[in-house]
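The values are calculated or read from the model by the stated rules, or taken from the named source; none is laboratory data. Keep in mind it's a predicted model, so treat the numbers as computed, not measured. Glycine also receives a Cβ, built like all others from the backbone with ideal geometry; neighbour counts cover every protein chain displayed. In case anyone asks, the SASA skips ligands and DNA or RNA and just uses the protein heavy atoms, side chains included. Shrake-Rupley method; radii C 1.70, N 1.55, O 1.52, S 1.80 Å.
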Amino acid sequence: MAAKKKIKIHYRAPSHVPLWKVMEEGGFLGKHGLEMDMGSLEGQRKRATEGLKAGDLDVVSGNHHNLYAAKALNGDPYVHIGQSNNSWRENFLVCGKGINGLPDLKGKRVAMDDYDGHTGLNVWLYLRKQGLEEGRDVELVTDPVKGAERARGVMDGKYDATFIRAVDRLRALKFGARIIEVPPMAMIEGVTLTTTTTYVKNHEDECRSLILALIDGIHFFKTNKPDTVKIVKQHCSELLKMRNDEEWDCFYDNQVTSLESAPYPSIEAIQNVFALAVKGNPEIKEFNPLSLWDLHYVKEIDDSGYIRRLYG
């Protein structure tokens, strides 16, 4: 049996790890001749970009919005080759006094953990799409705490509203928070296979195999809840800090809703994530964001009928 090829993979957010662990523990990386050396670069955007460019890292899971400027302004050889999710799911609005929907946010203070990071920028864009401009219509307040703690902040009157995820909604409802679900937004989220054209050129087999393992892992995740939850509980409990089976069920159901059977990004998700990049670097607004994506491996696998056979 041929030796498995090792790939150095680093994730940018803990929420990516369950899918990677399903790919590993479900045997899908091994099936396609790979093994992974996984590490964390949570909160280390600069280290992730520099490590990829220097060749110290093979693949980063994430770096969703911050590479467009590097590509547009410097010609840096970053590339995304696959995408697991195309939907922003932090779409539970915790409502303070007098707020019964999105229009009521006008003139109010909306808190998120970091408006320079992806979670806060998503809310900035979402509100903008609702006609609520920062500064003119709404005040964006930074409170660097977890979602359930921000929900308490709303209840305590620190600010008027915040957006939280599904599991935090469960927790916040138990202490009396008033929460409404609002429509999601297309967005590049979750496992984005990010690397460089240099790595792709020199490791075509690994890239193709990694995408096959991602497709298999997504299929397993979507079609085998009991074993998926078993793997994730075993390997991600400390990382994700779920408290009970109700939270695990909520986490799984929320994740599986937005996983893509064929790991393409959607056009609207790319447009929206690029809007986040343009906010930080307005001078790149004419750059074509599709130039950061190379989807020919995904298309090659898709055209072979592999994905259709999995779900057939």
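Computed quantities for the displayed model
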read-out: Hypothetical label at D227: residues of the stretch 1-39 whose amide nitrogen lies under 16 Å (7 Å Cα-Cβ projection); value: 19-32
read-out: For the chain, built as a Gaussian network whose Cα springs stay under 10 Å, the top-fluctuating residue of P289, P226, P265; value: P226
read-out: Neighbour net charge for G33 - beta-carbon separation under 11 angstrom, K R +1, D E -1; value: +2
read-out: Percent antiparallel among DSSP beta bridges (both partners in the chain, rounded to 5); value: 50
read-out: Environment charge at A275 (Cβ cut-off 11 Å; Lys +1, Arg +1, Asp -1, Glu -1); value: +3
read-out: Along each principal axis, Cα extent of the stretch 1-131, largest first, Å; value: 65, 38, 20
read-out: Spin-label pair N244/V145, simplified geometry with 7 Å Cα→Cβ offset, distance in nm; value: 2.2
read-out: The stretch 15-164 - share of DSSP beta bridges that are antiparallel (%, nearest 5); value: 35
read-out: Pairwise label distance in nanometres, F175 with K129, each label 7 Å out on the Cα-Cβ vector; value: 3.0
read-out: Restraint check, K46/K285; K158/K230; K21/K129; K158/K241, Cα-Cα greater than 32 Å; value: K158/K230; K21/K129
read-out: Amide proton proximity set for T196, modelled H, under 5 Å, gap of 5+; value: V79
read-out: Accessible solvent surface per residue of the chain, calculated while the other protein chains remain in place, 1.4 angstrom probe, Å²; value: 45
read-out: The stretch 111-254: relative contact order in percent, alpha carbon pairs under 8 Å with at least 6 residues between; value: 19
read-out: For C95, solvent-accessible area (1.4 Å; no DNA, RNA or ligand), Å²; value: 10
read-out: Max mean-square fluctuation residue, GNM over the chain, Cα-Cα springs under 10 Å, options G98, G107, G39; value: G98
read-out: Accessible surface of the chain, 1.4 Å probe, proportion on carbon and sulfur as whole %; value: 47
read-out: Inter-part distance where the stretch 244-312 and the stretch 87-129 are each reduced to a Cα centre, Å; value: 22
read-out: With all protein chains modelled, accessible area of R169 [1.4 Å, Å²]; value: 80
read-out: Loop-located GluC sites (Glu not before Pro) in the stretch 85-183, at most 12 other Cβ atoms within 10 Å (DSSP); value: E133
read-out: The stretch 92-191 - share of DSSP beta bridges that are antiparallel (%, nearest 5); value: 50
read-out: Choice from K285, K201, K108 showing the highest fluctuation, given a GNM over the chain with Cα pairs closer than 10 Å; value: K201
